[in-house]
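A short write-up of the structure that comes next.
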Amino acid sequence: MKRITTAILLMAIIPWTVAAQQPAIAATVAFTEGPTVDRDGNVYFTEMVFQRIMKLSPSGVLTVFREHSNDANGLLIDPQGRLIACEGAESTRMGVTQTFKPQITRTDLKTGKTEVLADNYQGKPFVGPNDVTMDGKGRLYFTDLTGGAVYRVDGPGQVVRILAVPEIQRPNGIQVSPDDKTLYLIEANGAAGGARMIRAYDLNADGTVRNMRVHYNFYPGRSADGMSIDSQGNLYASAGMGQLRGTSETLDTKTGIHVISPAGKLLKFIPIPEDYITNNAFGGPDMKTLYVTAGKTLYKVQTDIAGLPR
């Protein structure tokens, strides 16, 4: 296996307040999540406090791609260049509780048209879609964190539940291996004794899973939130925290990117100097730029192994 020599030098590309370089537009970034990168090098990420999807161009121009994002969280660009978004949940921010419709949407970036791919399973609405990935066949896999389930979407309205409580607890980030044979799932349960780990499953050709094993355990620290994967099957998990937040999670897991091999071994740790780290995604002309969302900032770091657009 090629040695991991990921550059530790980070570059913060979104300061706390950024003028979008257009008249009368200012973008104040408060809590970043869910990055994804299109084929032109534009980075899309969610801003959770003000309910927006942001867009950062290759030249560094920051704009608001979508206002009133319906509590969009995890994002993904599909093989056709469309933006997939996990949306909706009941959330309390800045002392205000709001309820948004839980759904998975797909937006044509050329026309701006948005369609709902899924909003229920067998007539029961989702609770809180959180993160999404895809396999080589273009099938989507997403987590319903507060609903305690993982679903596969084969097409508009074609939804299959592949995991649910009690076999899982609070599913968060999700990824598929380069050969489509393994599904990785982050458990992020901050309750006492809760699962804080990455689970691995054999992914069958029909999109079902079997043979769960613990791939990497973060307990008793804060588990990972989201993760990406490179062409050699190494996971890049955004995990840890630098200050306690009222849960049973400890500070044992340091804040940063934990690079984990297909064998479940920690290969490298890339520290991120801001809480709370949430997610990451590969981009750039050679897919060797890792974009990391944490707190009010979007970071980027160069890697020597190309990532996958999942």
For a quick check of your reading of the model, give me the residue pairs whose first member lies in region 250-276 and is over 13 Å from residue 237 (Cβ atoms), whose second is of a type in the set (Gly, Ala, Ser) and not in a loop (DSSP other than H, G, I, E, B), with beta-carbon atoms closer than 8 Å and at least 6 apart or on different chains. 250/221; 251/221; 252/221; 271/256; 274/294; 275/294; 276/294
Applying the selection to region 37-57, what residues are assigned to a loop (DSSP other than H, G, I, E, B), modelled with pLDDT of 95 or more and closer than 18 Å to residue 280 by Cβ? 38, 41, 42
With the first residue restricted to region 88-115 and required to be under 16 Å from residue 68 (Cβ atoms) and exposed (fewer than 13 other Cβ atoms within 10 Å of the Cβ), and the second required to be modelled with pLDDT under 85 and not β-branched (Val, Ile, Thr), Cβ contacts under 7 Å at 6 or more apart or on different chains are 98/91; 99/90
Residues in region 177-194 that are of a type in the set (A, V, I, L, M, F, W, C) and surrounded by fewer than 21 Cβ atoms within 10 Å (Cβ to Cβ): how many? 2
Among the residues of region 49-74, write down those that are among the aliphatic types (A, V, I, L, M), without any contact (Cβ under 8 Å) to a residue 60 or more places away in the chain and surrounded by 18 or more Cβ atoms within 10 Å (Cβ to Cβ). 53, 54, 62, 72
What residue, of 136, 173, 147, is crowded, with 20+ Cβ neighbours inside 10 Å and in a loop (DSSP other than H, G, I, E, B)? 147
Tell me the residue from 181, 101, 137, 124 that is under 25 Å from residue 50 (Cα atoms) and charged (D, E, K, R), please. 101
Residue tally, condition touching a residue at least 40 places away in the same chain (Cβ under 8 Å) and on the phi > 0 side of the Ramachandran plot, over region 120-155: 1
With the requirement that a residue be in a strand (DSSP E or B) and either touching a helix residue (DSSP H, G or I) at 6+ places or on another chain (Cβ under 7 Å) or small (Gly, Ala, Ser) (or both), what does region 280-310 give you? 281, 283, 294, 307
Answer yes if at least one residue in region 68-80 is among the acidic types (Asp, Glu), under 28 Å from residue 155 (Cβ atoms) and not in a strand (DSSP E or B), and no otherwise. yes
Counted residues in region 214-232 being crowded, with 19+ Cβ neighbours inside 10 Å and either of a type in the set (S, T, N, Q) or closer than 17 Å to residue 280 by Cβ (or both) come to 11
Take residue 267 and decide whether it is modelled with pLDDT of 95 or more, part of a strand (DSSP E or B), of a type in the set (A, V, I, L, M) and buried (at least 22 other Cβ atoms within 10 Å of the Cβ). no
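The values are calculated or read from the model by the stated rules, or taken from the named source; none is laboratory data. This one's a predicted model, so the numbers in the text were calculated from it and none came from an experiment. Here the Cβ is made from the backbone with ideal geometry for all residues, glycine too, and neighbour counts use every protein chain on show.
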